[in-house]
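Undergrad: Structure below; questions to follow.
The values are calculated or read from the model by the stated rules, or taken from the named source; none is laboratory data. All values reported here derive from a predicted model rather than from experimental measurement. Every residue, glycine among them, receives a Cβ derived from its backbone with ideal geometry; neighbour counts consider all protein chains shown.
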Amino acid sequence: MIRRNLLGPVLFKELATLLRGSRAALMITVYVGMVLISARLFYGVTASQLDFGQPLLSAQIGQVIFIGVSLVIQTMTLFLAPATTLSAVSHEYERGTFELIQATPLSASQLIIDKLIAAMAFLLLLLIAAMPAFTLVLLFGGLMISDLVPVVIVILMTAVVGCAFGLFCSAVTRQTFNATLLCYAVLISLVGGTLFAASIWSLINGLSAAPPSLVVANPLSAIATVLAPIRPPDDSFTGGFRPLVLLSLLSRGVIDNRGVIAPTYHATAVIYGALTISLIWGTLVAVRPRLRLTREDGVMLAALLVYGLLAYMLRGWWVPGIFP
């Protein structure tokens, strides 16, 4: 009874559903296994450079593994975060239990926030389980704890906006299948479309660096901004396969021809914060039985205005990420 009163009925039920049974254990095992396998593959590819007679420092191995593991975790978070909330609201409609929830004293904000917190708690558990992979990287050197902090922040903000977007798709479509199609169509268009636009711009303008504004909304480009200063020199590697070629693709528009790195992830964080508030607000409106203004709308509008004011006051921190 104490746990139920402390967590709330919906949050307690969602946490129990996510964490009980073999499904959660299987997801944790697969998640951590993929991270460790990717670390081993990047180590093997980097160590193979020794076959070409190229001297290789231990710090360079650690940097490449760190870049590869960070990109893998960010990619899995990008597509896994919405999956944890895609059925959160639609299942209630499909099972015919949403009307019963509306008959209870539970408000729409309590329902949505509890489901969002439960999904974020599960994703946080996955990230904590994958942290030992980063400790293995630190054994090679070439990195500091300060290099890990911005990477974790970018991954967490991607998880938050991803969960909010999955919840929004679930509430708007009210069908899990349609919500899945809508969610991943938008994600693939966002990731692929921004990189394609940056590539086309670069080709049209004599292979010069594209403006960071073209890739500022791309979560993979945001993580590439954080990882770019850690990248070892290209002349450290030989052979046909370069482990860092993916980072070069994702950082298109982030690093200019002079090697200057734009702090794109600062602008991405500001955009994702405003987007998260807007998605939660849209979800609250979608789950109501009829369109009407409530106190929740006033709270969300005030939160959005305060956030906009703070973003304006801190414009010197994030605007250079779009316009260096």
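Undergrad: Being in a helix (DSSP H, G or I), crowded, with 20+ Cβ neighbours inside 10 Å and either free of Cβ contacts under 8 Å to residues at least 40 places away in the same chain or not basic (K, R) (or both) narrows it down to one residue among A118, A129; which is it?
TA: Numbers: A129 fails: crowded, with 20+ Cβ neighbours inside 10 Å.
Just a single option satisfies the conditions, and that option is A118.
Undergrad: Here is a follow-up. Is it the case that some residue within the stretch 108-115 is touching a helix residue (DSSP H, G or I) at 6+ places or on another chain (Cβ under 7 Å), touching a residue at least 24 places away in the same chain (Cβ under 8 Å), hydrophobic (A, V, I, L, M, F, W, C) and surrounded by fewer than 21 Cβ atoms within 10 Å (Cβ to Cβ)? Walk me through it before giving the result.
TA: We begin by selecting, within the stretch 108-115, every residue touching a helix residue (DSSP H, G or I) at 6+ places or on another chain (Cβ under 7 Å); these are 108-112, 114-115.
Add one more test, that the residue is touching a residue at least 24 places away in the same chain (Cβ under 8 Å), and what stays is 108-112, 114-115.
When the remaining residues are screened for being hydrophobic (A, V, I, L, M, F, W, C), the result is 108, 111-112.
Adding the requirement that they be surrounded by fewer than 21 Cβ atoms within 10 Å (Cβ to Cβ) leaves 108.
Yes, the stretch 108-115 contains a residue that is touching a helix residue (DSSP H, G or I) at 6+ places or on another chain (Cβ under 7 Å), touching a residue at least 24 places away in the same chain (Cβ under 8 Å), hydrophobic (A, V, I, L, M, F, W, C) and surrounded by fewer than 21 Cβ atoms within 10 Å (Cβ to Cβ).
Undergrad: Taking only the stretch 218-247 into account, find how many residues are at pLDDT below 65 and either buried (at least 22 other Cβ atoms within 10 Å of the Cβ) or part of a loop (DSSP other than H, G, I, E, B) (or both). Walk me through it before giving the result.
TA: Step one: filter the stretch 218-247 for residues at pLDDT below 65, giving 233-243.
Going one step further and asking which of them are either buried (at least 22 other Cβ atoms within 10 Å of the Cβ) or part of a loop (DSSP other than H, G, I, E, B) (or both), we end up with 233, 237-243.
Here the count works out to 8.
Undergrad: Of all residues in the stretch 138-164, which are within 30 Å of E92 (Cα to Cα) and either touching a residue at least 40 places away in the same chain (Cβ under 8 Å) or acidic (D, E) (or both)?
TA: At the first step, the residues of the stretch 138-164 found to be within 30 Å of E92 (Cα to Cα) are 155-164.
I155, M157, T158, A159, V160, V161, G162, C163, A164 - these are the residues of the stretch 138-164 that are within 30 Å of E92 (Cα to Cα) and either touching a residue at least 40 places away in the same chain (Cβ under 8 Å) or acidic (D, E) (or both).
Undergrad: Against the condition closer than 19 Å to I280 by Cβ and modelled with pLDDT under 90, how does L100 come out, does it pass?
TA: Numbers: closer than 19 Å to I280 by Cβ: no; modelled with pLDDT under 90: yes.
Against the criterion (closer than 19 Å to I280 by Cβ and modelled with pLDDT under 90), L100 does not qualify.
Undergrad: Could you check how many residues of the stretch 285-296 are assigned to a helix (DSSP H, G or I) and either surrounded by 14 or more Cβ atoms within 10 Å (Cβ to Cβ) or within 24 Å of the chain's Cα centre (by Cα) (or both)?
TA: First, the residues of the stretch 285-296 that are assigned to a helix (DSSP H, G or I): 285-286, 295-296.
Narrowing the set further to residues that are either surrounded by 14 or more Cβ atoms within 10 Å (Cβ to Cβ) or within 24 Å of the chain's Cα centre (by Cα) (or both) leaves 285-286, 296.
Final tally of qualifying residues: 3.
Undergrad: Of these, S87, S38, which one is over 30 Å from S251 (Cβ atoms) and modelled with pLDDT of 75 or more?
TA: Working: S38 fails: over 30 Å from S251 (Cβ atoms).
Only one candidate qualifies: S87.
Undergrad: Report every pair of residues separated by at least 6 positions or lying on different chains whose Cβ atoms are under 6 Å apart, first residue within the stretch 248-268 and more than 14 Å from A210 (Cβ to Cβ) and modelled with pLDDT of 75 or more, second among the aromatic types (F, W, Y) and not in a loop (DSSP other than H, G, I, E, B).
TA: Once the first residue is more than 14 Å from A210 (Cβ to Cβ) and modelled with pLDDT of 75 or more and sits in the stretch 248-268, its partners that are among the aromatic types (F, W, Y) and not in a loop (DSSP other than H, G, I, E, B) give H266/W317; H266/W318; A267/W318.
Undergrad: OK, next. Suppose we filter L181, L167, L190 for residues that are touching a residue at least 60 places away in the same chain (Cβ under 8 Å) and of a type outside the set (F, W, Y); which single one remains?
TA: The unique qualifying residue is L167.
Undergrad: Out of S189, S146, S208, which single residue is of a type in the set (S, T, Y) and either at pLDDT 90 or above or surrounded by 15 or more Cβ atoms within 10 Å (Cβ to Cβ) (or both)? Break it down into steps so the answer makes sense when it comes.
TA: Numbers: S146 fails: either at pLDDT 90 or above or surrounded by 15 or more Cβ atoms within 10 Å (Cβ to Cβ) (or both); S208 fails: either at pLDDT 90 or above or surrounded by 15 or more Cβ atoms within 10 Å (Cβ to Cβ) (or both).
It is S189.
Undergrad: So, one more: Quick check: is even one residue across the stretch 152-166 at pLDDT below 90, touching a Leu at 6+ places or on another chain (Cβ under 8 Å), part of a helix (DSSP H, G or I) and small (G, A, S)?
TA: Within the stretch 152-166, not a single residue is at pLDDT below 90, touching a Leu at 6+ places or on another chain (Cβ under 8 Å), part of a helix (DSSP H, G or I) and small (G, A, S).
Undergrad: Return yes when P55 is more than 22 Å from R231 (Cβ to Cβ), out of contact with any helix residue (DSSP H, G or I) (no Cβ under 7 Å at 6 or more places or on another chain) and either modelled with pLDDT under 75 or in a helix (DSSP H, G or I) (or both) and no when it is not. I'd like the intermediate steps shown before the answer.
TA: On the way: more than 22 Å from R231 (Cβ to Cβ): no; out of contact with any helix residue (DSSP H, G or I) (no Cβ under 7 Å at 6 or more places or on another chain): yes; either modelled with pLDDT under 75 or in a helix (DSSP H, G or I) (or both): yes.
No.
Undergrad: Is it the case, given these coordinates, that A267 is crowded, with 21+ Cβ neighbours inside 10 Å and in contact with a Gly (Cβ under 8 Å, 6 or more places away or on another chain)?
TA: Values: crowded, with 21+ Cβ neighbours inside 10 Å: yes; in contact with a Gly (Cβ under 8 Å, 6 or more places away or on another chain): yes.
In short, yes.
Undergrad: Within the stretch 67-81, is even one residue surrounded by fewer than 17 Cβ atoms within 10 Å (Cβ to Cβ) and farther than 27 Å from P219 by Cα?
TA: For the stretch 67-81, residues surrounded by fewer than 17 Cβ atoms within 10 Å (Cβ to Cβ) and farther than 27 Å from P219 by Cα: absent.
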